[in-house]
Amino acid sequence: MFGYYVDMALRSLKRSPVLTALMVLAIGLGIGASMTMITVLHVMTSDPLPGRSAMLFTPHLDPLPLDHKHRDDGPDPTDNLTWPDAMALLSAHRAKLQAAMAGGSLLLRPARADLRPFTVSGRYGTAELFALFGIPFEHGQGWSSGDDASRARVIVLGKTLDRKLFGSASGIGQTVRLGDSDFRVIGVTADWRPQPMFYADLSAQSFGDTDQFFLPLSAAVDLKLQINGNQSSWSKNDSGEPMTDAEMTWLQFWVQLDSAAQVQAYHQFLMDYSAQQKVLGRFQRPATEAKLYSLMGWLEHKNLVPTDVRLQLWLALGFLVVCIVNIVALLLAKFLRRSGEISVRRALGARRRDIFLQLGIESATVGVAGGVLGLLIAELGLWSVRRRPDDYAQFAQMDMSMLLGTLALAVVASVLAGLLPAWRACRVQPALQLKTL
Amino acid sequence: MQIQPVLAALRRHRLATLLIAMEIALACAVLCNACFLVVQRWKLIQTNSGVDESSLAVLTVNGFEPNQVTDLNARMLNGLRALPGMQSVSLINQVPFGPQVGAAGISLDQGSFTNTIGVVDFVLAGPGTFQALGLKLVEGSLPSADDYLLATNLAPPDARVLVSRALADHAWPGQSPLGKEFWCDKLHFRVIGVVDHLARAHPHDWGAQSVEWTVFTPAQPGGSLAGTYLLRASPDELPRVLRAARDAVPKIAPDVVLDQENSQTIDDLRTDYFKSDRIMIDLLIGVIVTMLGVTALGIVGLASFWVQQRRRQIGIRRAIGATRGDILRYFQTENFLIVTFGIVLGMALAYALNLLLMTHYELPRLPLYYLPIGALVLWGLGQLAVLGPALRAAAVPPVVATRSV
């Protein structure tokens, strides 16, 4: 019966090609526009580190004085940690793995004469950073905690930067001049580009080029290297050493916790630490201000989706609704026009349910055609999104789940649109119609 | 034209009528708000920077040490001034639509966070920069030669400055700003003049009210005023002059690195800065046009169906004396009634949508004149869409009445 209904649907659609084309076009446009924006949103809120993200957490403390007034338009100072707090959490070593980090952009002066100096951005971190995030190495390895302690001038390069500086031979053992200091290359990482860059200061950068180098945080502090991201200070007097100052937040901190019990224990540890600091007079706010965010929870808290993208999503969905209302009207016209045909079928013994099914399949057929068109329009839309200047734009790609989602949405939308017209059509009185035939 | 028979006929097609009216209502709501958004963005793009954009370019270098700045500035100024076609070269820390360098909060008294004025941009400028920018002084006087003091961070510790008129109106409403003082942490400022317009580096990021909250701060070359140079040339020569200047940097100062991205004409910086707003405008217009198109197609589809359904009735009416014009007007009136119903619904919807947008997107209230304009557009669209089917209806010959099918 299903095959027969599909055949009937195709015949009926072929009979009025203009109306069919109108409906397919309407649903295609609506679905295409909506799926473009849903895909953009999907990319922006996707898991940056599948498999590892569930184990990663970021602790947050509130070292601000009670009278500190936070301006709404500026970044939140408690997003980051101060140097003393980060070092205390690091040395307490309560999590399986933990690392403090900060981003930086430095001027690189290549040894090769054919390369002009250029700026590269990378990350300053502590030794467990690589194990914590599971950053894969192509050659060599990261540095040890001994290197952290001795403020060793060592560096791990990203694959792209390594190729650029040293060609096909890996640069291990060579030196790289960053800023005004030489660093010895001890490792080269393979491609590793989580998007969004969850571990960076998200108010400064969230999507885009990933780190091209990693070097010990202690060396960066020692050399007073430039820091990317927000540095919030509430210090009354200038200590001259802002990076290690207890009243400036600038460090990101991530830990690995494997079980709910460990998460619970670590959160308790953070509150105990805050309470202890409060007793010591450093913190003024209650210990319950200490928070532990999961990776996805942190991204949600930071709300990386720009308002423009949200607005565009609502616009696209509004457009889809207009398209669906339009299709309801057109299907109604189409189905009621066939009252005669439906009445004949009813007179020959078809139940209302059969008519309903037949018309439902016809709507679904329009939906499938509209979905295919919508897919093409969505690809076109994503192509235009990728040409936008925004940092998230280049990652707007459709994946398998979005592809199937598009078709499903199209079919669901058109079947829903067909419900009302089909219900009306199967309530037609056969006797009345048959008389006029 | 009697309306009653049309209404009676519509009552027999309540569902279809309601659907078309709903489509019109949705289209009306989205149309009004989308047009409003377009106009808002368009105003944003038209932001008056207050400077002679078409004759100005900026050139930025980095990779130098603090102890080299005096030497670097001297070499760059002399080297660049020697280029043919260059009208002037002067020092500045930031230009409108370029990177934001000197934004900080200011207050009316020292060290207080209660009497704050707001976050402003400090435009640090060397001698000649005022003239090069083409700023207009509306009150007070220009800085004298001894007002150009050395700044080691944001601004000189005790500076005599010019503020934009917008900032003056905000900080000292109803008073003359001349001689007024303000503070930025420990830095002290005294206002000696007011400029007509001067936009901040990122006018978009700080809200519509504070687009021009700028403090024009004279500063001596050196200290923190180094590495960014304002070039002025006649508009048609500017691209060539800028290219020559970029090429000349390695010869003038071999050790520094040219910042490619931030060495552009102000026009180009402006285009880049507003790129996403332009895209948003294009997108909104695209949605408006497609939606109107889809709505029109829906009307065409349904009207054609009704015409076909009523062929016999039309034939009968023609046979008993109705003219072609009567039939045409019948369908036009019918469409007018449905669209009017939709518009009434749509206006309420447009207003609700605007309220929603206001709470989530800091959008101002929809001006009321958008509603009649939206209504006119939709009436026009409806009449245009129904014209084809109505003409076809008018062409139905009276003889149809005598046939059985």
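The values are calculated or read from the model by the stated rules, or taken from the named source; none is laboratory data. These figures come from a predicted structure and were not determined experimentally. Positions of Cβ are backbone-derived with ideal geometry, glycine not excepted, and every protein chain shown enters the neighbour counts. The accessibility values were calculated without ligands, DNA or RNA, using every heavy atom of the protein model including side chains. Shrake-Rupley method; radii C 1.70, N 1.55, O 1.52, S 1.80 Å.
B:ASN67 satisfies every condition listed in (1) open to solvent by less than 70 Å² (accessible area, probe 1.4 Å); (2) within 14 Å of chain A (Cβ to nearest Cβ) except (1). Just one of the listed residues (A:ARG116, A:ARG52) is basic (Lys, Arg), within 14 Å of chain B (Cβ to nearest Cβ) and open to solvent by 20 Å² or more (accessible area, probe 1.4 Å), namely A:ARG116.
Quick one: is B:LEU284 touching a residue at least 60 places away in the same chain (Cβ under 8 Å), in contact with a Leu (Cβ under 8 Å, 6 or more places away or on another chain) and open to solvent by 20 Å² or more (accessible area, probe 1.4 Å)? No, not satisfied. Being among the polar types (S, T, N, Q), in contact with a Leu (Cβ under 6 Å, 6 or more places away or on another chain) and either open to solvent by 40 Å² or more (accessible area, probe 1.4 Å) or within 16 Å of B:PHE97 (Cα to Cα) (or both) is the filter here, so list the residues in region B:200-236 that pass it. The answer is B:THR214, B:GLN220. Of note, A:ALA21 satisfies the criterion of being open to solvent by 40 Å² or more (accessible area, probe 1.4 Å), within 12 Å of chain B (Cβ to nearest Cβ), out of contact with any Asp or Glu (no Cβ under 7 Å at 6 or more places or on another chain) and not polar (S, T, N, Q). Considering region B:110-152, and only residues there that are at positive phi and within 14 Å of chain A (Cβ to nearest Cβ), the residue that is surrounded by the fewest Cβ atoms within 10 Å (Cβ to Cβ) turns out to be B:GLY111. For region A:405-437, taking the residues that are in contact (Cβ under 8 Å) with a residue 60 or more places away in the chain and β-branched (Val, Ile, Thr), the one that is nearest to the other protein chains (Cβ to nearest Cβ) is identified as A:THR436.
Could you check region A:161-170 and list, in sequence order, the residues that are open to solvent by less than 80 Å² (accessible area, probe 1.4 Å) and not in a helix (DSSP H, G or I)?
Once the filter is applied, which keeps residues that are open to solvent by less than 80 Å² (accessible area, probe 1.4 Å) and not in a helix (DSSP H, G or I), region A:161-170 yields A:GLY167, A:ALA169, A:SER170.
Quick check, is B:GLU65 farther than 30 Å from A:VAL328 by Cβ and within 39 Å of the chain's Cα centre (by Cα)?
Taking the combined requirement at face value, the residue does not satisfy it.
Which one is nearest to A:SER168 (Cα to Cα), of the residues in region A:179-215 that are open to solvent by 60 Å² or more (accessible area, probe 1.4 Å) and at pLDDT 85 or above? Residue satisfying both the conditions and the ranking: A:ARG184.
Here the condition is being on the phi > 0 side of the Ramachandran plot and either surrounded by fewer than 14 Cβ atoms within 10 Å (Cβ to Cβ) or modelled with pLDDT under 90 (or both); of A:GLY146, A:GLY158, A:GLY104, A:GLY173, it holds for A:GLY173 alone. In summary, A:GLU289 fulfils each of the numbered conditions (1) open to solvent by 10 Å² or more (accessible area, probe 1.4 Å); (2) more than 36 Å from the chain's Cα centre (by Cα) with the single exception of condition (2).
Given the criterion at negative phi and within 12 Å of another protein chain (Cβ to nearest Cβ), identify the matching residue among B:CYS35, B:CYS28.
Within the list B:CYS35, B:CYS28, the selection yields B:CYS28.
Test each condition in (1) in contact with a Cys (Cβ under 8 Å, 6 or more places away or on another chain); (2) away from chain A (no Cβ under 14 Å); (3) among the small types (Gly, Ala, Ser) for B:SER90 and report the one that comes out false. Going through (1) in contact with a Cys (Cβ under 8 Å, 6 or more places away or on another chain); (2) away from chain A (no Cβ under 14 Å); (3) among the small types (Gly, Ala, Ser) one by one, B:SER90 breaks only (1). Restricted to helices (runs of 4 or more DSSP H) entirely inside region B:299-394, those with at least 2 residues that are buried (at least 17 other Cβ atoms within 10 Å of the Cβ) and within 13 Å of chain A (Cβ to nearest Cβ) are B:324-361, B:370-394.
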